[in-house]
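The values are calculated or read from the model by the stated rules, or taken from the named source; none is laboratory data. Small disclaimer: the values here were computed from a predicted structure and weren't measured. Ideal geometry is used to build each Cβ from the backbone, glycine not excepted, and the neighbour counts take in all protein chains shown.
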Amino acid sequence: MIRLYLFALTVLIAAGSRADTLTIAQAVELGLKNNFSIRIARNTADKSYNNRKLKTGALLPTVRVEGGAAQTRIRYTPETAVFSSGSSGELRGSAVLNWTLFDGFKMFHAGHQIDQQIDHSNLATRYEIEASVVTIITAYFQLVAQQSLETAAGRQLAISRSQLSFIEAQYEFGRVGKRELLSQQVAVNTDSSLVLARTLDVQSALHTLNLALGRAPDIAVQPAMDTSVNQPEHNATWWYNEALNHNTGLKMAEVRKHIATTQHAIARAALWPVLAAGGTFSATATQPADNLRTRAELTLSFPLFTGFSRITSIENAAIDTLNADLTIKEMRLELQAHIYQQWERLRISCEQITFEKQAIERAAQALALSDEQYKLGRITDLQLREAQQALLNAQVRLQSAQFQNKVVALQLQQLAGKLSVP
């Protein structure tokens, strides 16, 4: 069973090694090309740009053309009982022009609101791109981390199998007992199970990355190894100040506040009278004469009572503006907390990476000494196993710290609006 598993693992590793190396830049480019959420956001932005025509149209007059034809047939019988009949036809057409000259500046506020909605759509698209970039790069680093852990588990298994061969030889010569042999066999089985678990973790990370890239989950990926450490630059206050000016989510909230303020102005415009100009040109062709008529008018309308609809709209718009302002204040507090937390996590991850590298060096030296002492019979197999486990645990902690360092630095850049996106 173990041999069959090792053969399958060898085939899996060989298949992975044949995959072309995928850099982070290539992964981001591929993911953004295939991401459906980004494509939807961009389509929504295009709709906002299309609405820009409504901004100009609100300032222009409207023209309506009407036309029709009628045929009338008359049949009558006079008192003389003489039957007679007649018919008449009519063709008519008209052109109607309406032009709102003043509506309390509603048309101008509405046009300004369209521009604000375009800004919001552009920010929403950037927000989706940033979120997708973070998802892709996080999945990329996760695959790198899981592959490293799988490699460490494989090395641990190789050591255990080598020790098992040594103990089996010792057992044949009667230098160790049955207990030592069984104990090492258990260790090999345990390490084999760990390798299998790590392999499954690699496959899960691979599926997650391919999903973020918008393609089939079983496509082989060979990520480029990157062991560089992201040091915490500047301080948390600097990052927070950058976030106040560049964070996409916060800028979207600010635009929503402007939209709400403009909506309040639109609601207040209903308190003003509406001045409009209109004109009509009509023509009627009948027998025996044709008629032409032209009419021009200037109207001023002001609804005295609308069932409290105007004042209700104004009050609700004022509440929406207030809520938008409160949302911005809340987001700034949350942003400050997240910035300070992420910056501290980045600093701690750097320190942890340094410590764990030292721990790995010492654990490797301790394992080498323990292996020599075990072969000389000076320590037990349990003590040797503890030395092996100490090295493996240090390797796991280092990979975790490196992964956290990459992800936290990425999230910090996103929060501060410093993430470079295409």
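Residues checked against (1) in contact with an Asp or Glu (Cβ under 6 Å, 6 or more places away or on another chain); (2) over 27 Å from residue 59 (Cα atoms); (3) crowded, with 16+ Cβ neighbours inside 10 Å:
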position: 252; (1), (2), (3): no, yes, yes
position: 264; (1), (2), (3): no, no, yes
position: 271; (1), (2), (3): no, no, no
position: 306; (1), (2), (3): no, no, no
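Kindly establish whether residue 276 is part of a helix (DSSP H, G or I), under 30 Å from residue 99 (Cβ atoms) and of a type in the set (A, V, I, L, M).
Working: part of a helix (DSSP H, G or I): no; under 30 Å from residue 99 (Cβ atoms): yes; of a type in the set (A, V, I, L, M): yes.
The answer is no for residue 276.
Please state which one of 419, 410, 382 is closer than 21 Å to residue 239 by Cβ and modelled with pLDDT under 90. The unique qualifying residue is 419. Taking the criterion of being touching a residue at least 60 places away in the same chain (Cβ under 8 Å) and under 18 Å from residue 32 (Cα atoms), the residues of the stretch 183-210 that qualify are 206, 208, 209.
Take the stretch 231-245 and flag every residue that is in contact with a Lys or Arg (Cβ under 8 Å, 6 or more places away or on another chain) and outside any helix (DSSP H, G or I).
So in the stretch 231-245, the residues in contact with a Lys or Arg (Cβ under 8 Å, 6 or more places away or on another chain) come out as 232, 242, 244.
232, the sole residue that qualifies.
With a requirement of 2 or more residues that are surrounded by 10 or more Cβ atoms within 10 Å (Cβ to Cβ) and either at pLDDT below 75 or over 53 Å from the mean Cα position of the chain (by Cα) (or both), the helices (runs of 4 or more DSSP H) lying completely within the stretch 1-105 that satisfy it span 2-17.
Determine whether the stretch 317-333 contains at least one residue that is closer than 30 Å to residue 102 by Cα and either free of Cβ contacts under 8 Å to residues at least 40 places away in the same chain or touching an Asp or Glu at 6+ places or on another chain (Cβ under 8 Å) (or both). Talk me through it step by step, then tell me what you get.
Keep residues of the stretch 317-333 that are closer than 30 Å to residue 102 by Cα, which gives 317-322, 324.
Checking the rest, the ones that are also either free of Cβ contacts under 8 Å to residues at least 40 places away in the same chain or touching an Asp or Glu at 6+ places or on another chain (Cβ under 8 Å) (or both) come to 319, 322.
Yes, some residue in the stretch 317-333 is closer than 30 Å to residue 102 by Cα and either free of Cβ contacts under 8 Å to residues at least 40 places away in the same chain or touching an Asp or Glu at 6+ places or on another chain (Cβ under 8 Å) (or both).
Look at (1) in contact with a Gly (Cβ under 8 Å, 6 or more places away or on another chain); (2) touching a residue at least 40 places away in the same chain (Cβ under 8 Å) and you find that residue 299 fails only one, number (2). Restricted to the stretch 369-382, and to residues that are in a helix (DSSP H, G or I) and in contact with a helix residue (DSSP H, G or I) (Cβ under 9 Å, 6 or more places away or on another chain), which residue is surrounded by the fewest Cβ atoms within 10 Å (Cβ to Cβ)? If we take residues in the stretch 369-382 being in a helix (DSSP H, G or I) and in contact with a helix residue (DSSP H, G or I) (Cβ under 9 Å, 6 or more places away or on another chain), then 382 is surrounded by the fewest Cβ atoms within 10 Å (Cβ to Cβ). Restricted to the stretch 144-193, and to residues there that are within 28 Å of residue 398 (Cβ to Cβ) and among the β-branched types (Val, Ile, Thr), the residue that is surrounded by the fewest Cβ atoms within 10 Å (Cβ to Cβ) is 186. Out of 365, 342, 358, one residue alone is crowded, with 19+ Cβ neighbours inside 10 Å, among the polar types (S, T, N, Q) and either farther than 29 Å from residue 234 by Cα or out of contact with any Cys (no Cβ under 7 Å at 6 or more places or on another chain) (or both). It is 342. When we screen 317, 324 for residues that are among the aliphatic types (A, V, I, L, M), over 30 Å from residue 136 (Cβ atoms) and touching a His at 6+ places or on another chain (Cβ under 7 Å), the only hit is 317. Screening 185, 146 for residues that are assigned to a helix (DSSP H, G or I), in contact with an Asp or Glu (Cβ under 7 Å, 6 or more places away or on another chain) and over 19 Å from residue 367 (Cβ atoms) leaves exactly one candidate, 146.
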